[in-house]
Each structure stands twice: as C-alpha cells, then as structure tokens.
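Okay, structure first, notes after.
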Amino acid sequence: MTPTVSASGLSLRYGGTRALDDVSLRLTPGVTGLLGPNGAGKTTLLRVLATALPADRGAFTVLGHDPGTARGRQEVRRRLGYLPQTPGFHPDFTAFEFVDYVAILKEMTDRGVRHREVRRVLDEVGLADVRGKRIRKLSGGMRQRVALGAALVGEPGFLVLDEPTVGLDPEQRMRFRELIAGAGEGRTVLLSTHQTEDVAMLCHRVIVMAAGRVRFEGTPAELTARAAGRVWSSTERDPGAKAGWRTGTGTFRNVGAPPPGAELLEPTLEDGYLLTLDDAGAEVAA
Amino acid sequence: MTTVVEKPLAPGIRNEPGGPSKAVLALALFESRRLLTRIPVLLAFAVYLGWTVWRAGRAWGDYPALQDADRATQNAPMLVGLAVLLSVNQAALRSRRHDTERHFAVLLLPHWCRTVAHALSVVAAALVTAVCVAGQFGWEALRPGAIGQGSVGELLVGPLTVLLSGLAGLLMAGLVRSVIAAPLLVVFGLFLFAFFSGTSDDASRWLLPAVVEATSNTLPSDLMGRPAGWHALYLAGLALTLGLVAVLVAGGRKPAVLAGTAGALAMTLVGGVAQSGGDSPQLVKARERATVHPEQVQSCVRRDGSTYCAFPEWGPRVGDWAAVVDRVRSLAGGGAHEQDVVVRQRVEARYGLSGDGALTPLERPHEVTVGTQWGGNRVPEFSAAVAGVLIAGDEKAATSICDARIIPLMWLAVGWASEPLDALRRVRLDDSITGSALVLQPTDGLSMTAAQTEVLRALLDLPRGEAGARVKDRWRELTAPKVTAARAAALLDLPAPDGEDKCL
C-alpha cells in the first residue's frame, strides 16, 4: 500500500533532550494510534508531521509532498487537518465563525462553497444545533468537537489528532470515537492518545513511542500478541511480574515472565503496550 | 497493492483553494464584519451619528459655508478612531490571548497575511466613516442657502484619522503583546492631542490628525490657507507607514512591503514638510486686500436702489440681505423710508482663521457691513446695523448713539420679525429682554439702557400696525439726538420707564 505519510530518520533535540530519535514510520489510510507515556515524543512527532516544527534531521513526505521545501510545506498544509493538544478557541466567536475562520486560513475563498462546507462539518461533528452559539457558552466536549470540525474542514487527506479525548467524560469519549472512526474512512488519521481502549476500538495500526523512538509499529493484534503467554493470574501479587494488580474477582493479574505452571490469561492491547514499554525501558537502561 | 486516494469531497463541496490574495480578501471581509459589529465601534458610530444629527438639527437657522462645513466633519470621527484602535488591537492579539497560534501556524495563511487582513478591515471602517462624512457634508451642501466650497483634503481627515488610529492599534499589537498597551496608547494620544492643540506653533499643530481652529471666523475659500491636501497626504502616508510596518513586524518581509514602506515614509515626509510651510506671500497679500480693500475683489448688484457688494462665493446670498433691508426700511419714517444703502460684505482675513473677526464700523455714509456668516442671530444683527445706518447716517455714528434714538433703531431692527421679542433676545449679548445690554451687530455693538429697553418692550407689546404708525408719526423727534427714554415714551404715548437711562 502506498503510504500517505512516509518518514525516515526524523530526529529533533530540545536543548539536551532528544525529543525524536531516528523515527521512521509509514502511515496508510485508516486510523493509526500513537501510544506512549508522557514525554515519549508523541506531541513532538505530531507537530513535526503537521509542519509546525522542523526536524533537525531526517525527511518525510505527506501525500507525496516534501514539507522540507516552502512549496511542499504549503501543499502539505493544504491537505492537513490538525487538532492540537488542548486547542485554543476565540471565545467570542460562534462555532460557525470559528470553523469559517479556519476555513479561510485554509484558503477556502469562495464564500458560498466555504459556508456549505462549514455547515457540513458542523453537522458531521453533531454541532448543527449550536453553530450560532458563542464558544464560551459551549461545554468542554462541544468545544472539542468544534476543534475537530475545524480540523476536518476542507476534507484534509491527512488528519493529525493530538489526544482529542483528554478531559472528556465517557459518553463524550464514545461520541468522539464515532467521529474519529468516521473521519478515518478513506483518509489517514494519526491519533495520539493515552487510552489503549481508543486504539483497540479505532485503529488499524498502532505505533508505540518511548524516549523519542518508535518501539513498535504494527497492528493492534500484533501489539496484543506481544503479551501472549506473558499474562497470568495468581492469588498473590507475583514479585517477579513487571506489573500486577488485583482485579474485581480478587485475583491478581500479572504481566511479565510467568512462573512455570502459572494460569495464563488472554492478553489485551494494554498488556502488549506495557510490555513494549518495559522492553524499551530495559533497552534504554542497557 | 493499493493506491492511496484522498477521501472524495462531499457533494457540492469544491475544495480548490483560491490562493493567498483571495484568502486575504476573504479574511479581510470576515475581520471587517467582526470589527464593524464590535460593541465599542458600534457605540462610537452611534454617538458620532447621533451627535451629527443633533448638531444638524440645532443649526437649522444657520446658513452653511461649505469651507467651514468640511472642517466640522473632522472631530467626531476621532471617537470612532479610538474605538477602532482598541478593537483592532484586541482582534490582532486574540490568537495569542487564546492560544490558537499553535493551531493556525500550520494553516496556509501565514501570520503576516492575517495582519494584512486586519489592516484591510481598518480600511473598511475608514470607508464607513467616509460615507458618514459624505452624508454629513452632503446634508450641509444641500441645505438652502449653502455657499462656498468644501475641500476634499479636509473631508478626508475624518476617514484618515480612523485609518491612522486603527493601524496604530494594529502595529501596537505587533510590538507589545499585551492588551493594556492599546489603552495606554489612547491615553498618550489624547495627551498629545491636548498638548499640540494648545500650541500656537503652526508647524507642530499640523502633526495632529485633526487641526482645530480656535475661532469661527468664516473666510472666502481661497483665503483659508489650510494646507488640507498636504495634510491628507501626510495622514495617508503616516497611516500606510504604520500599517506596512505592522506587516513587516508580523513577518511579511517581502520586497513589495519594504518598497511600500519606503514609499509611505516618503509620502509622510513630503506631506509633513509641505503642510508646515505656513502662509505664502501671495496668500498674505490676498487676505490683506480682502480685508482692507474688499471692493477690489467683490462684485456688486443693485436691488431696489440699494447696492449689495459681496465676495464671489456669497453672490447667492444678496437676496436674503435685500429682504432684510426692505423690511427694515418699510418700518422707517421720514426720509429713511426711501433711503438707499450700500451693503458691503467685509471680513477680517489678515490673521487667517485664527483671527477674531472683529470689524471696525464704516464711516462712509449709508454703507452697512454684512459679515460672512448668515442665518440665526446674524440676521437680527445685520438688521440692527441697517437700522443704525438709516437713523444715524453711517455705522460709526450709529455705534456712538447714547440716547433714545436706540428705541426706533431697535424697533426697525426687530419690529418686522415674526417673534420680535425673541429677535430682541438673540441680538442682545446677554440674551436678556430687560435691563441694559449691549446689542450685537457685524461691527461694534450698540448700547441700550434699561429705560430704553422698557420703552421698546412697551412698543413691541402694541399691535404691530399701531406701533409702526406711532413711530412713523413721531419719526423726526424720535431720531433727534439727546432725547431721553422718558421723552421718547411720552412721544410714543407709552408709560414712562422706571429703569436707569444711562449708557453702558
């Protein structure tokens, strides 16, 4: 499959910190989840791919355009939808005005066409009824949907979403999952998140980052499979486990290297993620 | 192998970008709409329009001289300018204030293009102001009796003030990322305005957007001596400079912007230097001639035996003057009833608009001064001057009257008016209708004692026909020198006055 985004050797330092370290990846249409602990470099990677930050080294293309050149950068931006982490809003704008404003900044200049498009994305994110309401009067979830609408306006081919479900209640998160799933139909979405559930439910691919490097790139099933035979149940917390916690049934769920004869459990994506991070930590320590 | 295809566009949606220029225009329209619907801007326009309408209603009796009416459009837009300054500053800072810059930085239109759009939104506010100014001036020009001509340079000052203020607010947003900076700029601007308005230095006061004149002297338009065109060039250059520097500060370091900034600076300098040149020797001579020898630049017409000499722009006003002369003469008795006069328009132009316009009384027989303003109080004042000449023979003699001749004089001046008492109030300096007072006229005033006022009031209380008949019957005695108010009352068969009969 021809990748929408293809990056190789991306590196970026902030002072003495290596925020990105030789990151290479390929993104294809559908939703790709980007998992990693705080400080893993997820937001930095998203900002580089969204052309907000230049990398120190490495190269990448988006839909065949090289953002390393001014012209290529414009072409990438023309095809990009970006929802930053904790997006800002102009509170005295209405939802319609805010998305309209972003549409203009995306060089949608035909007023009639633009307004139809703004109405369409607001319908899509379920804000048709409140499009004339000032943003300061909208709830946090509604504001987040305004930001998603702004990212979707103009039918971008590549959508970058930086932790869009942070701070949303479960109902709002479910609603957002629907929206992201819809957005991923026929276009490439890179979704940064801490929620492994989101990845399990939405993503056809997943990338795990730690300490600025890609530690895993594959399908959610492949990530889950990493934990196969490494999750077991016990009546006490196993001191040899990388992680262990008491479940609702009163038994302990352990992740790591099981002792002989342990009662193995079906692994989850989260187990695979935890073990990947643990392996990465061991690698860094070594 | 599969091929990556972008998601098909929704039906009816065309996602072809229009390019940065079209996007800047689209954004300018967006920002213009927001700017013009900001509450401070709406309030400022409402106050501006309300004040203009109120002022137009109050000045119903005045006949406009368009060379003054153009300047009257300059002050109120300053209020709009202040509102635009604050609003544009806030708009330009909103991305930083609300942390949307991280998001907008990856969109197609760069920061400097957004600054251009803000600048164009200020142009929209200036255009709306221009429409208001055109309406205000057009209203004056269409009023009956309007004379003279306005200056495009003067009319541009209001819109250019709004443009200058808004672009100053925009530049301030680029230089200081705090919303407190713009209000401080407003305070500083008001301080500068107060400081330079108070100075008599001609060069420095022209650095301000609107240059206010201290007096209301109306001059022929060719004697104004205000470098309105140069001033408009200076303001336009300064506004352009501020706007283009704001674009440069925002990152728009393009050759065209740099060249434009250099051109705008040159415009500012040329306008600034040219406007501070002062009065030319030719203008000084022309003003001297208009003041001392107005007959050299005036044309005269004859109406019913009297002659009316006016500066060229005031030709259409002769009919109004002649109507007053006819009414005054119709009330006079004796030879004054048939006396022809020469009405001479005069102006004190030697000190320009800053002169106080005081004119000395004429000594040539039967020659009456009329000023350059008309309507309202100027009508009974001229009427008093005509009456003075009919009774005393010349203006100088009339201003020296210190006896009961003032009674028939004032009867002639106000007796023909539809509301004689109102005319009397308006022609007296203190707006009184009792006691002693100074009576205003185009040259020096006349003095009325309390007793004379009493007799005149009693005369005005009579039916107009009866009062006129009594004055005409006793015309010779009433217009003789050294007659007291008491004697005049007796001659007119009116009660003797109680008040003092001593000139001021």
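Just so you know, all these numbers are worked out from the coordinates, no wet-lab data involved. Bear in mind that the values here come from a model prediction, so they are computed numbers and not experimental data. Glycine also receives a Cβ, built like all others from the backbone with ideal geometry; neighbour counts cover every protein chain displayed.
A few remarks follow.
- Cys residues of the protein assembly as shown that find no other Cys beta carbon under 4.7 Å: A:Cys203, B:Cys113, B:Cys132.
- Around B:Val292: net Lys/Arg minus Asp/Glu count, Cβ-Cβ under 13 Å: +3
- Dipole magnitude of the stretch B:288-491, debye to nearest 20 (Cβ charges: Lys/Arg +1, Asp/Glu -1, about Cα centre): 300
- Remark: mean inter-chain Cβ contacts per residue of A:83-95 equal 4, using a 10 Å Cβ-Cβ cutoff to other protein chain atoms.
- Of B:Leu409, B:Leu171, B:Met78, farthest towards positive along the dipole that unit charges on Lys, Arg, Asp, Glu beta carbons give chain B: B:Leu171
- Distance from the Cα centroid of the stretch B:43-90 to that of the stretch B:431-504 is 44 Å (rounded to whole angstrom).
- Counting only residues at least eight positions apart within a chain, or on another chain, the lysines with an alpha carbon under 30 Å from that of B:Lys254 are A:Lys106, B:Lys22.
- Prolate/oblate/rounded label for the stretch B:366-504 (Cα gyration tensor, a/c 1.5): rounded
- FRET efficiency estimate (nearest 0.05) - Cβ-Cβ, B:Leu127 to B:Arg33, R0 22 angstrom: 0.95
- Each of A:Gly149, B:Thr52, B:Ser354 was scored by the projection of its Cα onto the charge dipole of the protein assembly as shown, and the greatest displacement toward the positive side belongs to A:Gly149; charges sit on the C-beta of Lys, Arg, Asp and Glu.
- Extension gain, B:Arg464 to B:Val292, is 57.9 nm, computed as 0.36 nm per intervening residue step minus the present C-alpha separation.
- Relative contact order of the stretch B:430-504, pairs being alpha-carbon contacts under 8 Å that are 6 or more residues apart, as %: 38
- For the segment B:92-100, counting C-beta atoms of other chains within 10 Å of every residue's C-beta and taking the mean gives 4.
- Helix-only CD estimate at 222 nm, as mean residue ellipticity for the protein assembly as shown, using -39500 (n - 2.57) per DSSP H run (n ≥ 4): -15500 deg cm²/dmol
- Potential lengthening between B:Leu43 and B:Ser418 on full extension [0.36 nm per residue; Cα-Cα distance subtracted]: 130.9 nm
- Each peptide in B:270-283, B:68-81, A:107-120 receives the mean, over its residues, of other Cβ atoms within 10 Å, and ordering these scores from highest gives B:68-81, A:107-120, B:270-283.
- The distance between label points at A:Asp279 and B:Ala496 comes to 13.1 nm (points 7 Å beyond Cα on the Cα→Cβ vector).
- Alpha-carbon centroid distance for the pair the stretch A:117-134 / the stretch A:163-195, whole angstrom: 18
- Candidate cross-link partners of B:Lys502 among the aspartates and glutamates, defined by an alpha-carbon separation under 14 Å and a same-chain spacing of 8 or more, comprise B:Asp403, B:Glu454.
- Highest-first packing order for the peptide set B:255-263, B:379-387 is B:379-387, B:255-263, based on the mean count of other beta carbon atoms within 10 Å.
- Under 14 Å of direct C-alpha separation, and excluding same-chain neighbours fewer than eight residues apart, B:Lys285 reaches these aspartates and glutamates: B:Asp222, B:Glu348.
- Unit charges at the beta carbon, dipole of the protein assembly as shown: most positive-side option, A:Phe98, B:Thr215, B:Gly260: A:Phe98
- Counting only DSSP beta bridges with both residues in the stretch B:288-491, the antiparallel share comes to about 55 percent.
- Each of B:Phe195 and B:Asp304 was given a label point 7 Å from its Cα along the Cα-to-Cβ line. The distance between the two points is 5.9 nm.
- The angle between the Cα long axis of helix A:170-183 and the main principal axis of chain A comes to about 70°, on a 0 to 90 degree scale.
- Per-bin percent of Cα-Cα distances, the protein assembly as shown [10 Å]: 2, 11, 15, 14, 12, 10, 8, 7, 6, 5, 4, 2, 1, 0, 0
- Label-point separation, B:Leu175 to B:Ile433 (7 Å along Cα→Cβ), nm: 5.9
- For the stretch B:332-369 versus the stretch B:154-226, the gap between their alpha-carbon centres in whole angstrom: 38
- Axial C-alpha extent at least 18 Å, average Kyte-Doolittle at least 0.5 - helices from chain B (DSSP): B:19-36, B:39-58, B:77-97, B:111-142, B:152-175, B:181-198, B:228-249, B:255-275, B:378-392
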